[in-house]
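S.K.: Provided herewith is a single structure, encoded as structure tokens, for subsequent inquiry.
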Amino acid sequence: MFSPWILSLQLILFPLFWRGLYTTETNPQLVLTDPVTTIFKSAVLKGDSLVEKVEILKPIDLELACTWTGNPNKLPNITGYWRKDGSEITNSRLTVQLENEQYNLKRVFRITGDTLGNYSCIFSDTDEAKIDFNVAAPEMDDKKDKPVVAYVGDSVAVACKTKLPPNTWLWYKANGTEQELINATTDPLRYKISVDGNTTKLTVMNLTEEDSGVYVCSAIYNIKASVSRVEVRVITFMEPLKPFVAIVAEVIILVLLILFYERWSSRKSSNSPTENGVHAEQTHKLTREGNNGMDENTTTRQRKI
């Protein structure tokens, strides 16, 4: 008695089952990404210009907010816009209203290693006022302008320090336009690298003159590497004596020249017989004339007697 109903139910379900067996439903792929942190940085400008430093460790969304309170004209509205490394950002111009005796301008920027740089908010009235945000990876604290001097056979230690600890430290030796990575593990008798949070130190042992050059320390952050350079000069122990030796040599040469001149002068005076003969002859003549005069005077006196 149920067979007609069962047959009808089979006829209804079979097409549905067939469709579900040979059709698939495609769902869009779910892509999971790490949320980007948004950091807020604000600055208040009372004069014509202001510079703010912003140090970034990883890619972020950076919201920059500028407030200008130093406009003496107090116009109801002025023009505001943004610059990146001195060039105006496209479609950034807008009208800024005067609110509570100040002008406000803000914008969000996606900061990565390629977009680090100088961001400027510009308030344009009859004059121009701006705030510069220097967005960069953390800089080194101890940049050295003078070279580190060490002696052959000795050891030398150079250090780098940052305000914020990096993910890792790397040391290189500059070789012209290239940099050679220093691996203290493979050459422990020559190099030693120590790390203490935001400070690293490289020790070079058994120095030779070939170790002279520029050493580069690199603090690796997620956003970008921050580098510092220090020059090392390896000299011999005779190097500091070179100026003294040069002075002594000059003094010796001067003394020898004086002695040579005096000896040459004495030889010249002794080798001049003509002048000596003339001088002797003149002296002899004067002596003889003097004696003749005395003889004549004596004869005259005798006659008078």
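The values are calculated or read from the model by the stated rules, or taken from the named source; none is laboratory data. If you're wondering where the values come from, they're calculated on a predicted model, not measured in any experiment. In this analysis, Cβ positions are derived from the backbone assuming ideal geometry, glycine residues included, and neighbour counts consider all displayed protein chains. Remember, those area values only see protein heavy atoms, side chains included, never the ligands or the DNA or RNA. Shrake-Rupley method; radii C 1.70, N 1.55, O 1.52, S 1.80 Å.
S.K.: For region 208-225: of the residues being in contact (Cβ under 8 Å) with a residue 60 or more places away in the chain and hydrophobic (A, V, I, L, M, F, W, C), which is surrounded by the fewest Cβ atoms within 10 Å (Cβ to Cβ)?
M.R.: Once the filter is applied, the top-ranked residue is 225.
S.K.: For residue 91, which of the numbered conditions (1) closer than 17 Å to residue 111 by Cα; (2) open to solvent by 30 Å² or more (accessible area, probe 1.4 Å) fails to hold?
M.R.: (1)
S.K.: Would you mind stating whether residue 45 is under 33 Å from the mean Cα position of the chain (by Cα), modelled with pLDDT of 95 or more and of a type outside the set (Gly, Ala, Ser)?
M.R.: Taking the combined requirement at face value, the residue does not satisfy it.
S.K.: Mind listing just one residue for me: the one in region 101-137 that is touching a Pro at 6+ places or on another chain (Cβ under 8 Å) and of a type outside the set (D, E, K, R) and, of those, nearest to residue 50 (Cα to Cα)?
M.R.: 111
S.K.: Filter region 145-156 for residues that are open to solvent by 60 Å² or more (accessible area, probe 1.4 Å) and either at positive phi or not in a loop (DSSP other than H, G, I, E, B) (or both) and give the result.
M.R.: 149, 151
S.K.: Continuing with the same structure: Identify the residue in region 118-144 that is loosely packed, with under 14 Cβ neighbours inside 10 Å and assigned by the TED database to the domain that holds residue 77 and, among all such residues, is nearest to residue 76 (Cα to Cα).
M.R.: In this case the residue turns out to be 126.
S.K.: While we're here: Pick out the one residue from 151, 119 that is over 17 Å from the mean Cα position of the chain (by Cα) and within 17 Å of residue 44 (Cα to Cα).
M.R.: 119
Each row is one residue, and each column tells you yes or no for (1) at pLDDT below 95; (2) over 28 Å from residue 85 (Cα atoms).
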| position | (1), (2) |
| --- | --- |
| 147 | yes, yes |
| 175 | yes, yes |
| 202 | no, yes |
| 210 | yes, yes |
| 227 | yes, no |
| 231 | yes, yes |
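S.K.: Specify which of the listed residues (162, 168) is open to solvent by 50 Å² or more (accessible area, probe 1.4 Å) and at pLDDT 90 or above.
M.R.: Going through 162, 168 in turn, the sole match is 168.
S.K.: Filter region 69-88 for residues that are assigned to a strand (DSSP E or B) and β-branched (Val, Ile, Thr); which is least open to solvent (accessible area, probe 1.4 Å)?
M.R.: 78
S.K.: Provide a single number: the residues in region 174-192 that are closer than 30 Å to residue 53 by Cβ and open to solvent by less than 60 Å² (accessible area, probe 1.4 Å).
M.R.: Of the residues in that region, 1 qualify.
S.K.: Sticking with this structure for a sec: Which one of these is among the basic types (Lys, Arg) and under 30 Å from residue 103 (Cβ atoms): 130, 173, 201, 144?
M.R.: Going through 130, 173, 201, 144 in turn, the sole match is 130.
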